[in-house]
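All remarks here apply to the structure that follows.
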Amino acid sequence: MTAQESVDYQMQIDFLSVINRAAAKKVSDIHVIVADSTLIMFRVNGMMERELEYSQEWGEAFVRAAFASADISDANYAQNEFQGAQKLGSTPLRGTDGKLTLPHNVLAIRLQFNPVAFGSQYLVMRLLYADDNPNGNGDLKSLGLGERELNLFYRLRATAVGLNIVAGPTGSGKSTTLQRNMIKLIQERNGEINVITVEDPPEYPIPGARQMPVTNANTEEEKDEEFTKALSAALRSDPDVMMVGEIRSLSAADLVFKGALSGHSVWSTLHANSAPAIITRLRDMGVQPYMLSDPEIMKGLISQRLFRKICPYCRISVKERMSDPSFQRLKTALGDYGIENTYLRGPGCKYCNHRGVIGRMSVPEIIVPDAHFLQLMVKGDTKSAIDYWVSELDGRPLREAAIERMLKGYIDMDEIERWCGLLDQRPIY
Ligand SMILES: [Zn+2]
């Protein structure tokens, strides 16, 4: 090794030690902000926490080492460009002669390198854990879904043709929900169907499915092109059920609808804020209204959020905060029953590592639309569509589903208001 090589190698060891530290805490994202000094922040259970502070020089070397360790990346790190890369857990860090590997419970890391104003660099790393998905041992129920929602998922899985979409912002757990659902679907059909997935990249193993990765893509245009190619290939490979990682472009959407129109069951995810907004988003992308208003194609519209679960050992009754305005809002919305059964995050105790919260739960809203609902949505009359869904189709908006968990003592009232709007007002869509 030359002197420079040994400095680089030392930096890769530092890179790995930050990853190890994060993996031990089940951190979902590591943020490395390099400016006059370097700040490393961890996102744990959805919340950002300051973790480490170092010099600017260290941070710049750290970012270069992270780039050098990745599997797929451009040849050179360019400080002034947006660049994406990934590192799989199955192979050693590049340039370390097989000596350095990711911690065993990390399946992959996705890296995003960004130039920033007034600083020098901003690196964000998303950690994907192998033990989040113990080969299907954890099912939809263990994610936090209730009987009513499990039943709706069951009905959607039993429908042989059509499109089902799980929506939510980044970090809402939609990929995990979709993966658990696909595992269940394969189990229910005794593996007698051909399930093909197209993902960029495959996030979690789905036993029994053919998972096709999208590779060799650096820029967004290349990604879109490669994704479309993989999707067309999947359609020609005799699938019964297809899972498409995410609908990001009109060309991907066109192929997804082609799959549903040609007699397949297709499952995918989409960046949209609510279940009704799936229709709006697809319409804005350029999908034809006649397809969006056809209930034979649009089968399941699902949206979800992850809520932190409050620690049952140190939670406190909402009655201890009677002077707070939120107490009045709760009383207006849910009356005495609400007050008797609502809890807040406590101060922390030995059972929750002094955090007041233990893990998270998925809370979904699920629309099984009919023609009238879809027509209202396509026309842009979201309010009438939601009123119709709730009153005529027995719909339950996300906030109602979350309030049910709140009244069982799982979720804190503040968290519900943060995600779903104030309790005494109409839900936001
Ligand atoms: Zn506690």
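The values are calculated or read from the model by the stated rules, or taken from the named source; none is laboratory data. Since this is a predicted model, take the numbers as computed values, not measurements. Quick reminder, even Gly has a Cβ in these numbers, built from the backbone with ideal geometry, and neighbours come from all protein chains shown. Note: areas computed on protein heavy atoms with side chains; ligands, DNA, RNA excluded. Shrake-Rupley method; radii C 1.70, N 1.55, O 1.52, S 1.80 Å.
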Q. Hey, any idea what % of region 3-130's accessible area is carbon plus sulfur with a 1.4 Å probe?
A. 53 percent
Q | Rg to Rh quotient for region 3-130, alpha carbon positions, Kirkwood Rh | A | 0.93
Q. Non-local amide H neighbours of T342 (under 5 Å, H modeled in plane, Pro and chain starts lacking H): which ones?
A. V318
Q.
Ignoring everything except DSSP H segments at least 4 long, calculate the 222 nm mean residue ellipticity for the chain; use -39,500 (n - 2.57) per segment, divide by total residues, nearest 500.
A. -11500 deg cm²/dmol
Q.
Quick check on the chain: of the DSSP beta bridges with both residues there, what percent are antiparallel, nearest 5%?
A. 65 percent
Q: Springs between alpha-carbon atoms under 10 Å, Gaussian network over the chain: tell me which of E246, E222, E320 tops the mean-square fluctuations.
A: E320
Q) Taking the alpha-carbon centroid of each part, what is the distance from region 285-336 to region 158-186 in angstrom? A) 19 Å
Q) Per the chain: cysteines with no other Cys C-beta under 4.7 angstrom? A) C420
Q) In a shell of Cβ-Cβ distance under 10 Å around E246, excluding E246 itself, what net charge do Lys and Arg (+1) and Asp and Glu (-1) give? A) 0
Q. Using r as the Cβ-Cβ distance of D424 and K99, and R0 as 60 Å, what FRET efficiency do you calculate, to the nearest 0.05?
A. 0.50
Q) Taking N as the number of residues in the chain, what is its alpha-carbon radius of gyration divided by 2.2 N^0.38 Å? A) 1.05
Q) Where does the charge balance sit around G162 when Lys and Arg score +1, Asp and Glu -1, over other residues with C-beta under 10 Å from its C-beta? A) -1
**Q.** Set of lysines near K331 by C-alpha distance (under 26 Å), chain-local residues within fewer than 8 positions excluded
**A.** K309, K319, K383, K408
